[in-house]
Amino acid sequence: MGRADARRAQQQRGGRKAPTGRDAGRAGKPTGKKRSGIRRFFTWKTILGTFLGGILLLIAGAVALYFSVDEPTDPNKTAVLQSNTFKWADGSVMTRTGDMNREIVSIDKIPEDVRTAFIAIENKTFYKDRGVDFVGIARGAFNTLRGKGTAGGSTITQQYVKNYYLTQDQSATRKLREMVISLKVDQRMEKDDILVGYLNTNFYGRGAYGIQAAAQAYYGVDSDKLTLEQGAYLAAVIQAPSQYDLATAGPNGRRLVTIRFNAVLDNMVEMGKLDKAKRDTLHLPEPIKPKPRPGMDGQKGYLIQAAKAELSRQGIKEADIEAGGWTITLNIDKKKQAALEKAVQDELESKLDRKDTKERPVDQNVQAGATSVDAKTGNIVAMYGGVGLTEKSASNALRTDYQPGSTFKPVVLATALETGAKTQDGRPITPNTLYDGTSKRPVVGSDTPFAPQNQDDVNYGDPMLTVQEATNSSVNSVYAQMFVDAKPEVVKKTALSLGMKDREGWPADKPAMSLGTMSANTVEMAGVYATFGNHGKKITPTIVKSAEHVDADYKPVNPIGAQVIKRETADTVTKVLTGVVQDGSGKAVRSDAYQAAGKTGTTESNVAAWFTGYTPELVTVVAMFGEDPNTHKQVTLTGTAGKGRAGGSSFPAQIWQAYTTAALKGVSTGEFDLSDAKMGTPVGPTRTAVPSSGPSGSANPTPSSSGTRPTGSPDPSGSGSGKPDPSPTKNPTPPTKNPTPPTQDPTPTKKPTPPPPLNPDPLQ
């Protein structure tokens, strides 16, 4: 068999031999050698197929992840926690309340160049990206692999999402959720809203969360007052707050934060947001020294109580306030507040021995409260609530469980003057109208019997005296009769119009109400007297100057209201009350430094003592209360500081005088404009007072020779009012301003012989 036959036979058997060498190469046929090991799996086809398959899987996984991760509906607990910031009237911080030192502010409270500083160092593409910078993430991951720091690349949106919705852990799962939520947040929110959310949630060190708290902590200013340099420093410090705080940083920390600060400014130049020439003039600004967070020491707690109470009355719920985020500025003047606190300390607390429960038991029961109001604006400029929140949680300035006593009597007089009321025998009631000042004299014209005792059971007059004199000496029998003459229901209406509250237990038809047996607090009484001083235009004292919240609007109350009594009425009351200070029970507050009007008040059994007085500049109410610290029952003040009766002319008047003198120091004090006042304010000494000679109180003392009582023959019988003065033109004409005070108290022609001073029963 030839070669050709043999070849054909081999092919038929499948045994054809593969070509080798150059022929095999030319033929493009396999050489017959098999690939060994792992190489046979890495053909270009398998690599390409695997790559494309991986891409598809990644896309599918990303799509699945995007739809499986929902954007949270609620922030994490710490992201929205805020403190409330309370400020003095001058804008300086009084205190902050709440666990989280944060105050969320709107974007317009952050200067634009400060916002740009954060963008420049954290995320230059912020306004262009879609919430996630994949190039930045890749670059950060690459740097991590090369050992050049941990992976970064998070956008401002991602950092906001982490702060607001998630936690600070570094797990891969949290990072993936952060990226997905960031994409969704970027689609839903405006860029400025994301930016301000980021600035409000960052931690800046010094216990400060958010840009507002940081501005206060590092530079003592609000966020809207930050300079570019200060903003650039805060943008730099957030990378490592404890290390980069210049107040505590070591050499390396100072070097690193300086590098980062310069990077902020250089990046702003690169972005076209900062002029190069200006950039060269900017330097790292030193922050202030760290300060402890202002606390609730002293009177601050009471001031905040008063502010919250006022906001609550205006519709701001306490729960909303407690949620935080409020900046509440009070009308409290720091200097006047300090003056009031010092006056209480010097004139009362320093004289008490609260530790000696055996020798000085009454001292343990003494509580003091006070409110001072700007006479022209109605702003509460100072307030004293008590010894402190730790000892007493409720403010004495706001308590309404004690009676105002005889400080209510000017309301009775105002009602009589306003309505043209007349005595029982038909004579108009004016400051010169005569009344019977006999102690325990039964009132006439009332369905409810009442025969009030004067202070120390003393008879005043002969027995007649003028309304002015009765006000000077706070004669109870006169005012009880005037209350009936002016009609009880009308007096109550006047009191409510002046700002007093209609609380339970005010039986307006009982003559005892003439002596101030209803309840009131120092703020209410300050409003009543401020209205007198404001010529009858109502003043409602207010402690809140402004209240701001990023999510709420509050319009402060206007303290000045409508005309509630005629100017003539108000000015006449003021003129009469200047007589009380000049020549009556308020003599303790007389001073050449100011002109004043006021009224003392001492309640039954001496459980409370008040002095309410005003100058053309300030209206101040000072009150003392006797309260058993264990049972909280009302107890007498008699024996306070080891002395006798503690009336309104004692400690309250002394506190008032010390405070007013200090508060008006350096002020050009004015005089009351009383051009519309009618009569009042006698020049000479008050009517002679004598002790009652018996149960009927029928003693008839020798008339005073002061010349202040109008001429005419009084009628001591019947209505309690004398006959009309036949010569009204002979009444003394009151001066337009107080005369120069005498160097000593005026001495009546016949002095009374008073009973022992510890009598706890009379009201003044």
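Could you tell me which residue of segment 511-529 is nearest to Glu568 (Cα to Cα), considering only residues that are β-branched (Val, Ile, Thr) and buried (at least 23 other Cβ atoms within 10 Å of the Cβ)?
Val528
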Looking at segment 478-487, which of the residues that are touching a residue at least 40 places away in the same chain (Cβ under 8 Å) and not β-branched (Val, Ile, Thr) is farthest from Ser519 (Cα to Cα)? Asp485
When segment 427-463 is examined, which residues are found to be among the aliphatic types (A, V, I, L, M) and part of a loop (DSSP other than H, G, I, E, B)? Ile429, Val443, Val444, Ala451
Exclusive hit being part of a loop (DSSP other than H, G, I, E, B), surrounded by 18 or more Cβ atoms within 10 Å (Cβ to Cβ), out of contact with any Cys (no Cβ under 7 Å at 6 or more places or on another chain) and not hydrophobic (A, V, I, L, M, F, W, C), set Gly272, Gly298, Gly325: Gly325
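Which one of these is part of a loop (DSSP other than H, G, I, E, B) and either surrounded by fewer than 21 Cβ atoms within 10 Å (Cβ to Cβ) or at pLDDT 95 or above (or both): Gln424, Gln481? So that I can check it myself, show each step before the final result.
Numbers: Gln481 fails: part of a loop (DSSP other than H, G, I, E, B).
After applying the criteria, what remains is Gln424.
Residues checked against (1) touching a Pro at 6+ places or on another chain (Cβ under 7 Å); (2) part of a loop (DSSP other than H, G, I, E, B); (3) at pLDDT below 90:
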{"residue": "Gly644", "(1), (2), (3)": "yes, yes, no"}
{"residue": "Ala658", "(1), (2), (3)": "no, no, no"}
{"residue": "Ser693", "(1), (2), (3)": "no, yes, yes"}
{"residue": "Gly697", "(1), (2), (3)": "no, yes, yes"}
{"residue": "Pro701", "(1), (2), (3)": "no, yes, yes"}
{"residue": "Ser704", "(1), (2), (3)": "yes, yes, yes"}
{"residue": "Pro714", "(1), (2), (3)": "no, yes, yes"}
Give the residue, chosen from Ala232, Ala213, that is surrounded by 21 or more Cβ atoms within 10 Å (Cβ to Cβ) and at pLDDT 95 or above. Ala232
When you scan segment 146-162, do you find a residue that is buried (at least 20 other Cβ atoms within 10 Å of the Cβ), more than 30 Å from Asp553 (Cβ to Cβ), among the β-branched types (Val, Ile, Thr) and modelled with pLDDT of 85 or more, even just one? yes
Taking the condition of being without any contact (Cβ under 8 Å) to a residue 60 or more places away in the chain and acidic (Asp, Glu), how many residues in segment 323-352 meet it? 2
Scanning segment 301-322 residue by residue, those surrounded by 19 or more Cβ atoms within 10 Å (Cβ to Cβ), charged (D, E, K, R) and closer than 15 Å to Thr97 by Cα turn out to be Lys308
Determine whether Ala597 is more than 30 Å from Val362 (Cβ to Cβ), aliphatic (A, V, I, L, M) and surrounded by fewer than 24 Cβ atoms within 10 Å (Cβ to Cβ). no
Restricting attention to segment 114-122, does a residue exist that is loosely packed, with under 13 Cβ neighbours inside 10 Å and either at pLDDT below 70 or within 43 Å of the chain's Cα centre (by Cα) (or both)? no
Of these, Phe86, Phe126, which one is assigned to a loop (DSSP other than H, G, I, E, B), at pLDDT 80 or above and either surrounded by fewer than 16 Cβ atoms within 10 Å (Cβ to Cβ) or not aliphatic (A, V, I, L, M) (or both)? Phe126
Of residues in segment 660-670 being of a type outside the set (A, V, I, L, M) and at pLDDT 95 or above, the one surrounded by the most Cβ atoms within 10 Å (Cβ to Cβ): Thr660
Residues that are farther than 25 Å from Gln216 by Cα, hydrophobic (A, V, I, L, M, F, W, C) and touching a strand residue (DSSP E or B) at 6+ places or on another chain (Cβ under 8 Å): does segment 314-322 have at least one? yes
In segment 89-106, which residues are in a strand (DSSP E or B) and either under 24 Å from Tyr198 (Cα atoms) or small (Gly, Ala, Ser) (or both)? Arg96, Thr97, Arg102
Counting only helices (runs of 4 or more DSSP H) entirely within segment 488-597, those with at least 2 residues that are over 32 Å from the mean Cα position of the chain (by Cα) are 488-498, 567-583
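Is it fair to say Ala623 is buried (at least 19 other Cβ atoms within 10 Å of the Cβ) and in a loop (DSSP other than H, G, I, E, B)?
In short, no.
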Filtering segment 530-582 down to residues that are over 23 Å from Thr615 (Cα atoms), crowded, with 17+ Cβ neighbours inside 10 Å and small (Gly, Ala, Ser) yields Ala547
Subset of segment 304-322 (residues that are in contact (Cβ under 8 Å) with a residue 40 or more places away in the chain, not β-branched (Val, Ile, Thr) and not in a helix (DSSP H, G or I)): Gln314
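The values are calculated or read from the model by the stated rules, or taken from the named source; none is laboratory data. As the structure is a prediction and not an experimental result, all values here were calculated from the model. All Cβ positions, glycine included, derive from the backbone under ideal geometry; neighbour counts span all protein chains shown.
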